[in-house]
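So the structure is just underneath, and the comments pick up after that.
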Amino acid sequence: MVFEELQKRVLSSPSFTRVFERIDIGGSFTLSGLEGALLSIFLVGVVKEKKRKVLFILPDEDISYWEELYPQLGSSLLVFPPWGTYPYEHKLPALHRMALRLRSLALLDHSNSTGQLILATPRAIMEPTYPKKSLDSYSVTLRCGDEVPIEELKSMLLNLGYSNAGVVEFLGDFSSRGGVVDFFSCAHDDPIRVEFFGDTIESIRTFSAMTQRSLEKIDSARILPVHEFVRDFWFANLENSDPLEKSIIPGLKEKFKQSCIEELFARIQIDREFPGFNWFSFLFYPTPASLFDHLPSDTLIITGSLDELKREFEAYIAEAENYYKLEDRTSLPYPHPEDIYINGEKLLLEIERFQKIELVEGGEGELRVNGKSAPYLPQDSYLLKSEIESRKAKGERIYLGLRTKTRLDTLEEAYPDIPAFVTRFRSGFELPEIGISLLVSPPFKRSVLTALPRPFKEGNADYYSLTLEKGDLVIHSDYGLGKFIGLETIEADGKLTECLILEYADKEKLFVPVEDFHKVSKYLGGKEDVKLASLKKMTFRKVRERARERIREYAGELLQLYILRKSMKGFSFKEDSGLLEEFIEAFPYEETEDQAKCWQEIKRDMESYVPMDRLVTGEVGFGKTEMAMRAAFKAVLCKKQVAVLAPTTVLANQHYQTFSERFKNYPVNIELISRVRTPGEQKEILKRLAEGKIDIVIGTHRLLSQDVKFHDLGLLIIDEEQKFGVAQKEKLKMWQQGVDVLTITATPIPRTLYFSLGGVRDLSIINSPPEGRKPIYTEIVEFKPEVIVEAIRRELERDGQVYFLHNRVQSINQMKHFLENLMPDVSIGVAHGQMKPAELQDVMERFIDREFDVLVTTTIIEAGTDIPNVNTLIVNRADKFGLAQLYQLRGRVGRSDKQAYAYFLIPPYKTLPKKVRARLKAIMEYSELGSSFQLALRDLEIRGAGNILGEEQHGFIDEIGLDLYIRFLREAVNELQRTTYEPIVPVPFEVDFSLGIPKEYIPDFELRLEFYRRAYLADSLKRLENLREEMIDRFGKLPEMTELMFIYLRMRIIASSIPIERIGIRSSKIRIIFKKGFSPGWYRLQQFLSPYGLPVRVEPSVPAEISIDTLESEPRKVLEFLERLLYDLKDNIIDENLLSARLEERDGSF
């Protein structure tokens, strides 16, 4: 291996040999000359060669340094990050961060058998953690064969901070189902499933948080606390005690007012984990411990300058004291920073207890490694060749470190004699004493403060999940609009059947057996107040059929362009060239999996002769613009022009700046046409565009004017299509004939979204966030001056800027004066869409240059403004905005390494309409990164989808619901495309015995309903068996009635591929009625059935039917006989041509 060869040469050099000898002797010393990757190679050598425990205190808060070391150290690398919150912030540190801290402490090996490296930052070691004895007492190891009462295990998990969840997907979740307990401990990469027999642990398995299926059996599992503020540690014996007793909380009464203490305990009684509770936990701790209390005594500490480390400690305490002064200490007993953080002087004394190496600059160390820094590997192929030849001429042994495998392959082909490898080293080095050098690619840009390892494989919400909850409106395909009010088991004809209960007009109830679940869908419509259908009048079927016919007609008109595009022959762009690969390699960020997949889909579309019509959706900052620029570069290389259409002048200018920067090293002519250009400039641009002298033109709706002519347009990129008006969209349709179209959006509007799902447009979803991005902390609060002041002060305290959105131009200056009166020392600017273009541009540039601390603005910032220093957004009257708008606005912050905040100001919450409250609740629910797709679906639920095919269709969506509407639309589209669409229609199948999922087996109502849904909508034997295996895996052995349900469903699927009208089972007898038009022949059926030797009756009527007595008394044996009979019918009676297409497995999830 190339790296191993390089490492061996470096570590065996004379200067490194001296350093290792000195380490063996013992004692502390200073060291200099570890330039570039030499430091990483040294650390790896100490851990792997010397098998030492090493604590490396990073010189700053750049915890992402772990990436350089992980490929070589793997599980021997432990990361101890800071909490990642500012002092006294009203929220817990991210569970992922605390999990890494606790995991590092728990996995420290106190034997001398293995080396380990712990990475920590100055802030991380100042932040307290558990004493070692306390952590050991909280850490529990479960082993196969152990006797552990399930209730005792559940109580333990709750006390350690775990949350009882229906499904375990995330760190700190646990669930219990009969004899199975799932939990996600930070001691493991995957969640753990423990299966019991009585109180004995029978098996322990890891499982996937995404699929919920088991992965592998393990002998033991370790439970660690969820975070560093475990509840029973500081709430013990508090509930029934006087909080002012010294014996409970020593010194608390002397430090704080009685009213503050009582308010704290009142909050604790309501919610033990109220926002910010972690800061008060230090009032209840015994003396908290530091990381040093957990280190083995022979640990080697490596740190930068101790003087610089001391300054870091002092700066952090000073920052904490500033935040402390901002808190309202008259209502709650906030502890002083000195009562929270480990004292800097104490930490420096702790370091002196261990052998240490202090890294110093220049040649001032007691020992020196004669390393030098090396320049980055040139991206330009000519400059790269020159650099390599120059070094070869000096007799150097050159190594190349590349970021990607693609780049590695390219350079290995060009320079086969130069050893190269893929690495995360950020900088190279020269080591003249042995004549070698390492040149590496420039590092990816990233949010360094948040680029943490993510060993925990957590789950993710299903994009398309629209599960039912009690109270939801639903559409029954036969009876229309009702309300879902629950599940109920009823007894009829001696058997138990679980039914969905739907309520209709006049409190009428409809009991829908779960086998008819496919007829029920969640209602997503456009009306504010809808009326439930009447079961007495039964008018819904006429409404449904009228809607189906009109949708078919209207879809034909509206979808003509989409269908036409698929049948047209467009331009086939060439496959990627070396120049395009170089362009992609120059992308300064690490490519995510979703970005790579999206690019492959765009590339495939562009290289096809069918014109591309692809929608790319993803959150702000997830890489949509990069995908567009790659597509543009590919088009330009093929001598085609590109048009980029943006809805606002601000966004068009932003794109112009972004494209110009990205293409600056290539001979590509890019121009901007919008209101900021003078008429003369516009005329000149249009002239050059028509002559083919401009490769990429970026603009607003000005591009849609009659005087805009292209020489050879090949690609149209549309950003936020929903922002354009009807007339502008009509002009776009004229443009799109035969041209590749790429649409990018952060929140798909319902029309765009469901066209995509309906198969009319191709969809790419970039759902994985870039490395290091944090979710935006979102808070909905009533309008109060003190809330505004605190939010702005906190942002300015960390040297940031603020957007204050006030969406009324008439009163925007009044709002500016209001804020100036609140904070006279804060500089405030104003920007809105009614300003002259040049004036608006000037204000935005001054804000970017930080002449203003706060920008009072309108929704003009909604589309595309990208200012990384703005990380707090305050939206006034957030109740006046739609969900998609709130989501877009929130995306204006959070573009840097800092935690971003969004405050939505509202009138008193109780005064808001129900739909507004639902909208605000949704924006809180979907605050995680990658939630835009789920948010679009939620948006449909709240404000309806009346515009999916235009206003004319609004009434039909209201009447039949969006799900049924989409089903009819899909039928129309497939009909227009002349494709077949044959959903499996379940064969009516009556039995006289009970089948289903008992409540005792899956107690959780919503989870049981979800499994019913998946079981009864399964359309293949493979899916059904996979679901059966999943249930056994997750919940244990199937009850008999659930086994019968799966056999029953298997029979339904088999029967659906045979011309059978219906099946009935009564006791031991089976009756099968065939469909009209199917005539297997009486004599042929008699011959077929005679070998069974059972009582049989064949009716030669039309339709044909057979009856057979199995002489079996057990339902399972009757069903198993029926299965054999159906397969025999399929193989011996039914024409194989009727069957082959119906029994094929279908792709996709359900």
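Every read-out reported here was derived from the displayed coordinates using simple, explicitly stated rules and does not represent laboratory data. This structure is a prediction, so every number in the text was calculated from the model and none was measured. Here Cβ is always computed from backbone atoms with ideal geometry, including for glycine, and neighbour counts include all displayed protein chains.
Brief remarks on what is shown
- Footprinting exposure proxy ranking of I997, I475, fewest other C-beta atoms within 10 angstrom first, gives I997, I475.
- Cα-based shape type of the range 119-162, given that a ≥ b ≥ c are square roots of the gyration tensor eigenvalues and the cut on a/c is 1.5: prolate
- Projecting the alpha carbon convex hull of the range 140-223 along each direction and taking the average yields 4.6 nm².
- Mean projected area of the Cα convex hull of the range 294-340, taken over all directions, amounts to 4.8 nm².
- Ascending count of other beta-carbon atoms within 10 Å, so fewest first, for S297, S768, S331: S297, S331, S768
- Label-to-label distance, nm, for residues given as D1109 and T114 (7 Å Cα→Cβ offset): 7.0
- For the range 390-401, 3J(HN,Hα) computed residue by residue from phi via the Karplus equation (6.51, -1.76, 1.60; θ = phi - 60°) reads 4, 6, 4, 4, 8, x, 6, 8, 9, 10, 10, x Hz, glycine and proline entered as x.
- Annotation: the range 600-687 has a Kirkwood hydrodynamic radius of 14.6 angstrom, from the mean reciprocal C-alpha pair distance.
- Once backbone amide H atoms are built at 1.01 Å from N, G480 has no partners under 5 Å, excluding neighbours fewer than 5 places away on the same chain.
- The range 1048-1130: relative contact order in percent, alpha carbon pairs under 8 Å with at least 6 residues between: 32
- When the GluC sites (Glu not before Pro) in the range 782-868 are filtered for DSSP coil states and for at most 16 other beta-carbon atoms within 10 Å of their beta-carbon, the remaining sites are E851.
- With one equal scatterer per alpha carbon and no solvent term, the Debye-computed log10 I(q)/I(0) for the range 1005-1139 at 0.13 1/Å reads -0.62.
- Counted over the range 372-440, the DSSP beta bridges are approximately 45% antiparallel.
- Scalar couplings 3J(HN,Hα) for the range 903-909, obtained by applying the Karplus form with A = 6.51, B = -1.76, C = 1.60 to θ = phi - 60°, are 10, 9, 8, 9, x, x, 4 Hz; x denotes Gly and Pro.
- Distance violations [Cα-Cα > 24 Å] among K325/K784; K640/K664; K603/K1022; K816/K880; K48/K385: K603/K1022; K48/K385
- Among the trypsin sites (Lys or Arg not before Pro) within the range 1-89, those in coil by DSSP and having at most 16 neighbouring Cβ atoms inside 10 Å are K50, K51.
- Kirkwood estimate for the range 372-440, i.e. one over the average of 1/r between Cα atoms, Å: 12.1
- Charge tally for R193 (other residues, Cβ to Cβ under 9 Å; Lys, Arg +1; Asp, Glu -1): -1.
- Positive-end residue, the range 1005-1139 charge dipole about Cα centroid, Cβ charges, pick of F1011, G1077, L1049: G1077
- Across K257/K910; K522/K915; K566/K634, pairs whose alpha-carbon gap is larger than 28 Å: K257/K910
- Hydrodynamic radius (Kirkwood) for the range 1-154, which is based on Cα pairs only, to one decimal in Å: 18.1
- Across the range 372-440, Cα pairs under 8 Å and at least six residues apart give a relative contact order of 44 percent.
- Amide proton proximity set for R397, modelled H, under 5 Å, gap of 5+: I436, S437
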